[in-house]
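Worksheet: the structure to be examined is printed underneath.
Coordinate-derived values only; no laboratory data. Keep in mind the model is a prediction, meaning the values are calculated, not measured. Here Cβ is always computed from backbone atoms with ideal geometry, including for glycine, and neighbour counts include all displayed protein chains.
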Amino acid sequence: MLRVIGKVSRNLQPVTRNKSLIKHGVSCIVFSIVIVITCCSIVANAQNLENSITMTLTEVVERAKIHSPDAGSANNRFKNSYWKYKSYKANYRPLVDLSATAPDINRSISRITLDDGSEAFIETSSANSNLNLNVSQNVGFTGGNVFLSSNLQRIDLIGNNKSTSYLTTPIQIGYTQPLFSFNNWRWQQKIEPLLFEEAQRKYIEDIEGVAVNATNLYFDLLRAAINLDIAIMNKANNDMLYKITQGRYNLGKIAENELLQMELSVLNSNIALAQSKLELQTSTLKLKSFLGLKDISKIELINPRDIPDFQVDVDKAIELAKQNSQEMLGYRRQLIEADRDVLKAKRENRFDVQLYATYGLTQSSNDLNDLYSNPNDQERFRLGIQLPIFDWGRSKAQIKMAEANSDLLRTNTEQQMLDYDQSIYLKVMQFNMQRDQLYIAQKADTIAQKRYEVTKQRYLIGKIVITDLNIALAEKDQSKRSFVESLRNFWVNYYELRRTTHYDFEQNTMIEYKEPVE
């Protein structure tokens, strides 16, 4: 019997070793899987960290001023105005023009006057060439034009009577001047610099407008994140309270109505959680697109609770807006344009005189070497007169229409300037009041949070009904949202004041940006 047992024991030893090996192998596999999962989790977390970014309101605004589509549009608009102004300035600089024809071959039958005065159709073949250099300059003060030119012409007759002749005008100077017509150049000298200054001011206001839009998108995302936090917390609380309410109902301590109301709160919290997640994704996508953050999957925002401690003087803000805003400068330009239109209506279709005068040297020769020897002088003077006799009252009607438009524009502009002052006054007053409203909203948020905690504890011990708890919950959530909206209003009003006045009241400096010109 001992031999049998011993024999059995010998047979069992390999099996035991195999089981040990199998257990060891399984342990190794499980350990390897754990390591792989852990590594994957670490890599995934690292990727999430790399694809996430934490930003303050200031960082969002500064990035938006550079990378947002609105900033790009502002840059392009200013560039367009800049090159338009450069084109205007070029009109008051000398224009050098070179033109040439080499050659102009003509073989045709033409009517020619013969030496005896008769005319006949004769076949002609010729090659004409010319070279002309012209320098002209507009005179903005008078509306005239002065020019200097030099010209060389060559005619080659082709056929039996071959010959070559030259005609040159080595120098010719001339001047054209309308004496009584409307001088558009002079008015451009008044209006075009104002238009360019408007473009410069509008560029500053557009960039500050980018800050306003970035602030709104920032708080849209911040509100969505806070709503998600509220929804998560409310769902957890409602799930816990629902279990407690079920226990009370089973013990017969509460009516079925209260249980159903608690169950409805749980369902509503689930709906609110889903909506909050969607709102967070939507707000994140909008802000990412606005900031040009293509490779970022998550944006975490820092709540801007530190409020700048300064007050804005109303009179100073109104004065700065009048001096710096594009809108006020636009009113001034419109009044100048109205005066221009009235004068233009009076000058057009009335008595006008056009003066044209030239003086130069000229010479012709069959030999190019003799072409510039002993040139002859040439002069030309022309005085043209235009005098309308009867136009059926068209000129008078145009003048009266321009005067009526000018009067209407002045009336509207005066009202707009008054409304503008009032709008600045209201913006400043709202901004100064916003700080006190912020403190009130923050205090209300703190009180509402404490009240909800107290109410929840009282509900847990059965001192109050579910209706009171729901009221405290709604007030808690609304107070937090109201505080965020108060923060939004403060910062939006802050950047609106900067845009209107071109002034940084926090740093007490003028706002200036380098215009994008390439």
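Once you sort the root eigenvalues of the Cα gyration tensor of the range 216-297 as a ≥ b ≥ c, which label holds: rounded (a/c under 1.5), prolate (a/b larger than b/c) or oblate (the other case)? Here the range 216-297 falls in the prolate category. Relative contact order for the range 175-286: 33 percent, from Cα pairs under 8 Å spaced at least 6 residues apart, divided by residue count.
Charges only on Cβ, +1 for Lys and Arg, -1 for Asp and Glu: so what's the dipole of the range 221-323 about the Cα centre, in debye to the nearest 20?
380 debye
What is the range 292-331 by shape, rounded, prolate or oblate, if you read a ≥ b ≥ c off the alpha carbon gyration tensor as root eigenvalues and call it rounded for a/c under 1.5, prolate for a/b larger than b/c, and oblate otherwise? List each step's numbers first, then the result.
On the way: a/c = 7.89, a/b = 1.77, b/c = 4.46.
Here the range 292-331 falls in the oblate category.
Each residue of the range 353-361 was assigned a 3J(HN,Hα) from its phi angle through the Karplus expression (A = 6.51, B = -1.76, C = 1.60, θ = phi - 60°), giving 10, 10, 10, 9, 9, 9, 9, x, 10 Hz with x at Gly and Pro.
Fraction of C-alpha pairs exceeding 17 angstrom in the range 364-413: 70 percent, rounded to a whole number. Electrostatic bookkeeping for residue 473 treats Lys and Arg as +1 and Asp and Glu as -1; over the other residues with beta carbon under 12 Å from its beta carbon, the sum is +1.
The distance linking the range 313-353 with the range 200-268 is 53 Å (Cα centroid to Cα centroid, whole angstrom).
Could you work out the relative contact order of the range 333-406, using alpha carbon pairs under 8 angstrom and six or more residues apart, expressed as a whole percent? After rounding, I find 43 percent. The amide H of residue 180, built 1.01 Å from its N in the peptide plane, has 353 as neighbours under 5 Å, considering only residues 5 or more places off or on other chains.
Across all C-alpha atoms in the range 412-518, the radius of gyration and Dmax reach 21.9, 74 Å.
Arrange the following residues from fewest to most other Cβ atoms within 10 Å of their Cβ: 487, 355.
Working: 487 24, 355 14.
Ranking 487, 355 by Cβ neighbours within 10 Å, fewest first, gives 355, 487.
Normalising the average separation of contacting C-alpha pairs (under 8 angstrom, six or more residues apart) by the number of residues puts the relative contact order of the chain at 18 percent.
Taking each full run of DSSP H in the chain as one helix, which ones are at least 24 Å long along their axis (Cα atoms) and have mean Kyte-Doolittle hydropathy of at least 0.5?
Details: long enough: 2-50 (70 Å, 0.68); 69-90 (32 Å, -1.60); 184-250 (94 Å, -0.44); 256-291 (52 Å, 0.08); 326-347 (31 Å, -1.04); 394-460 (90 Å, -0.91); 466-501 (52 Å, -0.65).
For the chain, where a helix must reach 24 Å along its axis and average at least 0.5, the hits are 2-50.
Candidates 215, 83, 390 compared by Cα position along the dipole of the chain: farthest toward the positive end lies 215, with charges placed on Cβ. Between the amide H of residue 503 and those of 511, distances stay under 5 Å, these residues lying 5 or more places away or on another chain, with hydrogens modeled in the peptide plane.
With a sphere of radius 15 Å drawn around the Cβ of residue 161, what net charge do the other residues whose Cβ falls strictly inside it have (Lys, Arg +1; Asp, Glu -1)? Provide the component values of the computation, followed by the final result.
Numbers: positive: 107, 162; negative: 115, 123, 156.
So the surrounding residues net to -1.
Taking amide H atoms as placed 1.01 Å from N in the peptide plane, the amide H of residue 312 has no partner under 5 Å among residues 5 or more positions away or on other chains. In summary, the lysines within cross-link reach of residue 322, defined as a Cα separation below 16 angstrom excluding same-chain residues under 8 places away, comprise 202, 427.
Hey, fewest Cβ within 10 Å first, where do 500, 56, 284 land in order?
Numbers: 500 23, 56 14, 284 20.
Exposure proxy ranking, most exposed first: 56, 284, 500.
So for the range 190-231, considering every pair of alpha-carbon atoms, how many percent are separated by more than 12 Å? Tail fraction, whole percent: 68. For the range 124-134, backbone phi angles converted through the Karplus equation (6.51, -1.76, 1.60; θ = phi - 60°) give residue-by-residue couplings of 10, 9, 8, 10, 9, 9, 8, 9, 10, 10, 10 Hz, Gly and Pro being listed as x. Here each label is just a point 7 Å from Cα along the line to Cβ, and for residue 274 and residue 506 those points are 4.1 nm apart.
Semi-axes of the range 247-383's equivalent ellipsoid from the Cα gyration tensor, sqrt of 5 times each eigenvalue, largest first, rounded to whole Å? Walk me through the numbers on the way to the answer.
Values: eigenvalues 1488, 160, 77 Å².
With the √(5λ) rule applied to the range 247-383, the semi-axes are 86, 28, 20 Å.
Directionally averaged projected area (the chain, Cα convex hull): 61.6 nm². Checking every one of the trypsin sites (Lys or Arg not before Pro) in the range 350-433 against DSSP loop status and a limit of 14 other Cβ atoms within 10 Å picks out no site at all. Take the Cα of residue 107, step 7 Å toward its Cβ, do the same at residue 354, and the gap between the two points is 4.0 nm.
Between beta-carbons, use under 14 Å as the cut-off and find the net charge around residue 489, counting Lys and Arg +1, Asp and Glu -1.
Numbers: positive: 223, 427, 435, 481, 488; negative: 220, 436, 485, 496.
Combined, the nearby Lys, Arg, Asp and Glu give +1.
Please state the shape class of the range 317-367: rounded when a/c is under 1.5, otherwise prolate if a/b exceeds b/c and oblate if not, all from the C-alpha gyration tensor. Oblate, because a/c is 1.5 or more while a/b does not exceed b/c.
For 290, 351, which order do you get if you count the other beta carbons within 10 Å of each Cβ and list the fewest first?
Details: 290 22, 351 12.
Ascending Cβ contact count within 10 Å gives the list 351, 290.
In this Cβ point-charge picture (+1 for Lys and Arg, -1 for Asp and Glu), the chain has a dipole of about 3440 debye about its Cα centre.
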